[in-house]
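The values are calculated or read from the model by the stated rules, or taken from the named source; none is laboratory data. The model shown is predicted, which means the values in this text are computed figures rather than measured ones. Because the Cβ atoms are built from the backbone with ideal geometry, glycine has one as well, and the counts that use them run over all protein chains shown.
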Amino acid sequence: MRVAVCQLNARDDRAANLAAARDLLGRAASAGADLAVLPEYVDYLGRSAGLPKPEPVDGEFAEFFSAAARELGIWVHAGSFHEVGPDDARTYNTSLVFDRSGELAATYRKIHLYDVEIPGRVSYQESRSVAPGDTTVVTDVDGVRLGLSICYDLRFPELYRRLAVEGEARMIVVPAAFMMHTGRDHWEVLLRARAIENQCYVLAAGQIGDHEPGRTCFGRSMIIDPWGTVLAQAPDTVGIVTADIDLGRLEEIRSELPSLANRRL
Ligand SMILES: O=C(O)CCC(=O)C(=O)O
């Protein structure tokens, strides 16, 4: 199986963001990808005043990416979008996965919300406008188990352990919009740790560059193998990178260094 991660610079213009995402999916399909992954908040990353109206799981956002998957004949992980939430004040931060025929294969709502205050650097209270999900999600992509997570989830290893052990994931996706300040020191080391400790492929698709108001995303989208080797890393531009998933290699690593099987807790 060939996978692609798409690196995007979504801003205030939703139509332009969707067009850019569609272009990247087309490039992924042309590069032979079976599965393409987009970043967190693929359709809008801009001022809260212009936020698109939250949509249900079967709304226009879903229709757009379902059509892309069907037209291109590939699996599409549509990053995430603002789903209608449990009350008027909050949405869900939700990922959708579509199969090659455009059928919805999985829905995941971000569990860990980004509430941080790093003076002079990052001030973000995601839980004021987003409600947390409470369900781990794994889906089958052409016979390979894919575990779902979103951005800040990356800092919570117990989620990934559950995806790998209970969910039997062999690949885990991390659509993200990591900011520059934390991204430059934490992004790669966390992604590689999740890959090594769970002996899974990690597919991490990030937003890149400046987004109003004053948010700069780190990018460096990557595909990492279960040994922790970075197979592909995006340059600091909008674009895609691809890599091939080798399940034989994964099983070899799991049998030679059986740290998942050797767990005692
Ligand atoms: O964990 C981080 O440093 C970034 C998380 C984030 O930006 C998010 O979850 O939206």
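Out of Asp244, Asp236, one residue alone is of a type in the set (Asp, Glu) and free of Cβ contacts under 8 Å to residues at least 40 places away in the same chain. It is Asp236.
Checked across region 107-114, the condition of being at pLDDT below 95, surrounded by 12 or more Cβ atoms within 10 Å (Cβ to Cβ) and within 11 Å of the ligand (Cβ to nearest atom) holds for no residue.
Matching residues to (1) among the charged types (D, E, K, R); (2) closer than 27 Å to Pro235 by Cα; (3) touching a helix residue (DSSP H, G or I) at 6+ places or on another chain (Cβ under 6 Å):
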| position | (1), (2), (3) |
| --- | --- |
| Ala16 | no, yes, no |
| Pro52 | no, no, yes |
| Asp87 | yes, no, no |
| Val97 | no, yes, no |
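Contact annotation: no residue pair with Cβ atoms under 6 Å, 6 or more positions apart or on different chains, pairs a residue in region 145-163 that is touching a residue at least 40 places away in the same chain (Cβ under 8 Å) and closer than 13 Å to Glu40 by Cα with a partner that is part of a helix (DSSP H, G or I) and away from the ligand (no atom under 14 Å from the Cβ). Val42 passes every criterion in (1) in contact with a Gly (Cβ under 6 Å, 6 or more places away or on another chain); (2) closer than 21 Å to Ala164 by Cβ apart from (2). Scanning region 185-209 for residues that are in a helix (DSSP H, G or I) and either within 10 Å of the ligand (Cβ to nearest atom) or among the hydrophobic types (A, V, I, L, M, F, W, C) (or both) yields a count of 9. Restricting attention to region 108-118, which residues are touching a residue at least 24 places away in the same chain (Cβ under 8 Å) and either assigned to a loop (DSSP other than H, G, I, E, B) or touching a helix residue (DSSP H, G or I) at 6+ places or on another chain (Cβ under 9 Å) (or both)? Selection gives Lys110, Ile111, His112, Leu113, Tyr114, Ile118.
A count restricted to region 38-82 and to residues that are within 16 Å of the ligand (Cβ to nearest atom) and closer than 17 Å to Ala204 by Cβ stands at 8.
In region 115-132, the residue that is modelled with the highest pLDDT out of those that are small (Gly, Ala, Ser) and away from the ligand (no atom under 13 Å from the Cβ) is Ala131. Test of understanding: among Gly214, Gly143, which residue is at pLDDT below 95, more than 9 Å from the ligand (Cβ to nearest atom) and out of contact with any Asp or Glu (no Cβ under 9 Å at 6 or more places or on another chain)? Testing whether each residue is at pLDDT below 95, more than 9 Å from the ligand (Cβ to nearest atom) and out of contact with any Asp or Glu (no Cβ under 9 Å at 6 or more places or on another chain) leaves just Gly214. Quick check: anything in region 203-213 without any contact (Cβ under 8 Å) to a residue 40 or more places away in the chain, farther than 20 Å from Arg27 by Cα and surrounded by fewer than 21 Cβ atoms within 10 Å (Cβ to Cβ)? No, every residue in region 203-213 fails to be without any contact (Cβ under 8 Å) to a residue 40 or more places away in the chain, farther than 20 Å from Arg27 by Cα and surrounded by fewer than 21 Cβ atoms within 10 Å (Cβ to Cβ). Met179 satisfies every condition listed in (1) of a type in the set (A, V, I, L, M, F, W, C); (2) more than 10 Å from the ligand (Cβ to nearest atom); (3) touching a strand residue (DSSP E or B) at 6+ places or on another chain (Cβ under 7 Å); (4) farther than 16 Å from Ser80 by Cα except (2).
Could you list, in sequence order, all residues of region 156-176 that are within 14 Å of the ligand (Cβ to nearest atom) and in a loop (DSSP other than H, G, I, E, B)? Within region 156-176, Phe156 is the sole residue that qualifies. Checking each residue in region 181-193 for being in contact with a Lys or Arg (Cβ under 9 Å, 6 or more places away or on another chain) and over 13 Å from Met222 (Cα atoms) picks out His181, Thr182, Arg184, His186.
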